[in-house]
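Asker: Pasting in a structure now, in structure tokens, and then I'll have a few things to ask.
Bear in mind that the values in this text are calculations on the coordinates, not laboratory data. Just so we're clear, the structure is a prediction, and the values are computed from it rather than from any experiment. Please note: Cβ atoms are built from the backbone with ideal geometry, for glycine as well, and neighbour counts cover all protein chains shown.
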Amino acid sequence: MNNNFYVTTPIYYVNDEPHIGHAYTTILADVLAGYHRILGDDVYFLTGTDEHGQKLQNAAAKNGREPLDYCDEMVLRFQNIWKKLEIRNDDFIRTTEERHKKVVKTILKTIYDKGEIYSDDYEGWYCVHEERFWTEKDLVEGNCPDCDRPVSKITEKNYFFKMSQYQDWLIEYIKNNPGFIQPDFRRNEVLGFLKRPLGDLCISRPKSRLSWGIELPFDKDYVCYVWFDALINYISAIGYLSDEERFNNLWPAIHLIGKDILTTHAVYWPCMLKAMGVPQPKTIFAHGWWLMGETKMSKSLGNVIKPLDLADKYGVDAFRYFLVREMTLGQDSIYAEKSFILRYNSDLANDLGNLLSRTLKMIKSFNDGKIPTPNAINEDNELSIQSAKLIDTIREKIEAFKLNHVVEDILDLVRATNRHIEKNKPWRLAKEGQVEKLGNVLYSAAETLRIVSVLLTPIMPDKCGSIQKQLGLADGDKTILKLKWGCLRSETSIKPGEGLFPRLQKPKSKKSEKPDKTGPSLLEGVIGFEDFGKVKLKTAVVLEAEKVEKADKLLKLQIDIGGEKRQIVAGIAEYYSPDEMIGKRLIIVSNLKPAKIRGIESNGMLLAAKSNDRLVLLTTDGEIPPGATIS
Ligand code: MSP
């Protein structure tokens, strides 16, 4: 039986303008789905749109439209953009579809009949502008924390899902299933959140305030809370309550989400599934954010990146490549067009594009435009060994969501092939009449390109198709897809075409970015190795974290630096909450003289980078045990 890989993206608010963040999650799901397909797994990929709720109702009213009519128009923007970005989803679910609404209603009714939904008066501070409730402690000087407008106390009858009863079960479940919430530090964040008492979940909105939603089957004056409705898409789309066999074949899912919606997915959703008696998702994977320079992307700051602008300018495949290559899954990444161009020129134009064009040119000049026949011994096999190693490790890396490592390995193979050509100098072999060796070198280059084209197809489907065409492989030729060295057929006529990735102009640096000639010399303040060697840096992991009383900026941390527990006090409380710190991997200076900060002993110092009003902790690119030395 094949492995099953059912992957989902969040369903996006249909009235939002699609931006790089939406594109990222969707491309990520598409790329993972692509890798599982080439590994032979049964893949099912779902995305869609979230179409109920207050924001939609308001947007439709503002445009003088009926909500559904408005959704029908807005949804096309997502659907069209996914087509343009070469997304191969198997299904697209809209929460306004009958197949979805029916399932939501049945679930509500079942849970209600089981006594897990009750009605109660809800009292809170309501902000008319933001149209939401706040608790007393959310308020900032008595006003709405989002828009700073006055709020009023409202009491309203609502329906509640008894989520609190699942708190202990959920904590145990998360602890017993390490792969359930990933990466690890997000799992710790959820466990931190669950240390506080979990309340029941308000799952209704009175129609007097909001009518655009799924009506509660047990009270026609209310509609369902939009998140309770939306999460159910992951099961309504695949036959839950309508096609049991299909559902059982596909479920459980791997949910890809952004870190902003971790609580809804890792707390509400598991409790809802538990109440329904449905098994839990396999994994909830939360990726980081794309930031613009130092800041968040937001409409109000006017710095939102529209995916199609970039894809139109540089090509869809290059855009997909950049997103996948640049983000270490789980962490935030900064988007800058300059890094895009640098990455494009180095990886795609110089390494991959150049390998294809030089290989084809040499085959044309030295072997009459036909793939050469390697000799039986194939003495030239270091590339075949590296390819085999790479192929062997793909599954493990993809299953661990280490996509950028996979890309890096593939590019290493491309670079190794370029080096191989330089080392063996086919042009000299041709001159010297060393036909056999020449055939080996050229065959190896072409065969590596074929394997690379298969391995990069999930990321760059169009360009990889073009590599295969230029190598003379016909569509439908099964050998194209074989992830095994030696499948490229000799004597095939190559069909060189246009350059794959024309080099891009380096962006002109702005005046302010030019080195300041009158400024200090680069050598001023330099230190020798012997000075640097005195500083002992080590990796550490945070075990406990708490605020320091009466010191707004300080956190007291208990850390493990490899079998030794230490306490350090750090001025990071404005940037990191104690819960967020638990499980974080840090880099610390381990041989600092202990000091007292506000009377508390601090034994070491953590490293962080600061720019303007942003501070980020330095951490390691991959997992490494605490106590590792840094050199
Ligand atoms: N409708 C809800 C999700 C319901 S799922 C049952 C929602 N929609 S959204 O339109 O706001 O999309 C949120 C998702 O977009 C995030 O989880 C994330 O996947 C993606 N991103 C939005 N902005 C982002 C960045 N700046 N960077 C990366 N991804 C972010 O929330």
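Asker: For the residue pair Lys484 and Arg196, what label-to-label distance in nm results when each label sits 7 Å from Cα along the Cα-to-beta-carbon direction?
Answerer: It works out to 5.7 nm between the two label points.
Asker: Please give, to one decimal in nm, the separation of the simple spin-label points placed at Lys389 and Ser152, each 7 Å out from Cα toward the Cβ.
Answerer: Result for the modelled spin labels: 7.1 nm.
Asker: Extending each Cα 7 Å along its Cβ direction at Lys207 and Val616, get the distance between those two points in nm, one decimal.
Answerer: If labels sit at Lys207 and Val616, their model points lie 4.9 nm apart.
Asker: Just to confirm a number: summing +1 for Lys and Arg and -1 for Asp and Glu over residues other than Thr457 whose beta-carbon lies under 12 angstrom from that of Thr457, what do you get?
Answerer: Details: positive: Arg37, Arg88, Arg320, Arg450, Lys463; negative: Asp30, Glu86, Asp317, Asp462.
Within the 12 Å Cβ shell, the charges total +1.
Asker: Right, next: Order these by the 10 Å Cβ neighbour count, fewest first: Leu68, Leu557, Leu383.
Answerer: Leu68, Leu383, Leu557
Asker: Let me ask something else about it. How long are the semi-axes of the equivalent ellipsoid of the stretch 118-181, taking √(5λ) for every eigenvalue λ of the Cα gyration tensor, in whole Å from largest down? If you can, show how the numbers build up before the last one.
Answerer: Values: eigenvalues 204, 59, 16 Å².
Working through the eigenvalues yields semi-axes of 32, 17, 9 Å.
Asker: If the viscosity is 0.692 mPa s and the temperature 37 °C, what Stokes-Einstein diffusion coefficient in µm²/s follows for the stretch 395-500 when Rh is the Kirkwood radius over Cα pairs? Walk me through the numbers on the way to the answer.
Answerer: Values: Rh = 15.0 Å.
D, rounded to a whole number, is 219 µm²/s.
Asker: Given a cut-off of under 8 Å on Cα pairs at least six residues apart, what relative contact order in percent is computed for the chain? Before the final figure, lay out the partial values.
Answerer: On the way: 987 pairs, mean separation 70.9, N = 631.
Relative contact order comes out at 11 percent.
Asker: Here's another thing I want to ask about it. Which loop GluC sites (Glu not before Pro) in the stretch 91-163, with loop taken from DSSP, have no more than 11 other Cβ atoms within 10 angstrom of their Cβ?
Answerer: On the way: sites: Glu97, Glu98, Glu116, Glu123, Glu130, Glu131, Glu136, Glu141, Glu156; in loops: Glu97, Glu116, Glu130, Glu131, Glu141.
Listed in order of number, the matching sites are Glu141.
Asker: If you keep only loop residues by DSSP, which trypsin sites (Lys or Arg not before Pro) in the stretch 457-506 have at most 16 other Cβ atoms within 10 Å of their Cβ?
Answerer: Here the trypsin sites (Lys or Arg not before Pro) that fit, given the DSSP loop and packing criteria, are Lys482, Lys484, Arg489, Arg503.
Asker: Still on this model: Could you tell me which of Phe161, Ser577, Trp290 has its Cα farthest along the dipole of the chain towards the positive end, charges placed at Cβ (Lys, Arg +1; Asp, Glu -1), taken about the Cα centre?
Answerer: Trp290
Asker: Using the Cα centre as the reference, give the magnitude of the dipole from point charges on the C-beta atoms of the chain (Lys, Arg: +1; Asp, Glu: -1; all else neutral), rounded to the nearest 20 debye.
Answerer: Values: 88 positive and 88 negative charges, 373 e Å.
Here the size comes out at about 1800 debye.
Asker: Considering the stretch 187-249, what Rg and Dmax in Å follow from its alpha-carbon atoms?
Answerer: 15.9, 41
Asker: For a paramagnetic label modelled at 7 Å from the Cα of Ser577 toward its Cβ, which residues of the stretch 596-631 fall within the zone defined by backbone nitrogen distances under 14 Å?
Answerer: Once the point is set 7 Å along Cα→Cβ of Ser577, nothing inside the stretch 596-631 turns out to lie under 14 Å by backbone N.
Asker: Restricting to Cα atoms and excluding each atom paired with itself, what does the Kirkwood estimate give for the stretch 177-326 in Å? Before the final figure, lay out the partial values.
Answerer: On the way: mean 1/r = 0.0541 Å⁻¹.
One decimal place: 18.5 Å for the Kirkwood radius.
Asker: Here is a follow-up. Helix-only mean residue ellipticity at 222 nm, the chain, DSSP H runs n ≥ 4 weighted -39,500 (n - 2.57), per residue, nearest 500. What is it? All intermediate terms of the calculation are to be shown ahead of the outcome.
Answerer: Values: 21 runs with 234 residues, N = 631.
Helices in the chain give a 222 nm mean residue ellipticity of -11500 deg cm²/dmol.
Asker: Measure nothing fancy, just the Cα-based angle from helix 98-113's long axis to the longest principal axis of the chain, in degrees from 0 to 90, nearest 10.
Answerer: The two axes meet at around 50 degrees.
Asker: Just add up the charged neighbours of Asp351: K/R +1, D/E -1, any other residue whose Cβ is under 10 Å from the Cβ of Asp351. The partial results should precede the final answer.
Answerer: Numbers: positive: Arg415; negative: Asp347, Asp412.
For residues surrounding Asp351, the net value is -1.
Asker: Another question, then. Could you give log10 I(q)/I(0) at q = 0.17 Å⁻¹ for the stretch 343-424, computed by the Debye formula over C-alpha point scatterers of equal weight, without solvent?
Answerer: -0.83
Asker: Quick one: give the max-minus-min coordinate of the C-alpha atoms of the chain along each principal axis, largest first, in Å.
Answerer: For the chain, the Cα extents along the three principal axes come out at 91, 66, 49 Å.
Asker: Quick check on my link table: of Lys105/Lys259; Lys397/Lys538; Lys101/Lys313; Lys84/Lys469; Lys259/Lys610; Lys55/Lys506, which ones sit more than 32 Å apart, alpha carbon to alpha carbon? Kindly include the intermediate steps, with their values, before the conclusion.
Answerer: Values: Lys105/Lys259 29 Å; Lys397/Lys538 26 Å; Lys101/Lys313 40 Å; Lys84/Lys469 21 Å; Lys259/Lys610 22 Å; Lys55/Lys506 42 Å.
Pairs exceeding the cut-off: Lys101/Lys313; Lys55/Lys506.
Asker: I've got another one for you. log10 I(q)/I(0), Debye, Cα-only the stretch 1-73, no solvent, q = 0.17, 0.21 Å⁻¹?
Answerer: Computed log10 I(q)/I(0) values: -0.70, -0.86.
Asker: Here's another thing I want to ask about it. Considering the convex hull of the alpha carbon atoms of the stretch 115-221, report its projected area averaged over all viewing directions, in nm², one decimal.
Answerer: On the way: hull surface 35.6 nm².
The directionally averaged projection comes out at 8.9 nm².
Asker: Which three extents, in angstrom, do the Cα atoms of the stretch 332-373 have along their principal axes, listed largest first?
Answerer: 48, 16, 8 Å, listed from the longest principal axis down.
Asker: At a temperature of 25 °C and a viscosity of 0.890 mPa s, determine how fast the stretch 36-83 diffuses translationally according to Stokes-Einstein, using the Kirkwood radius over alpha-carbon pairs as Rh; express D in µm²/s, rounded to the nearest whole number. Write out the running numbers ahead of the final one.
Answerer: On the way: Rh = 12.9 Å.
For the chosen part, D equals 191 µm²/s.
Asker: Moving on to the next point. Once you have the Kirkwood Rh of the stretch 7-138 from its Cα pairs, apply Stokes-Einstein at 25 °C and 0.890 mPa s and quote D in µm²/s.
Answerer: Numbers: Rh = 17.5 Å.
Rounded to a whole number, D works out at 140 µm²/s.
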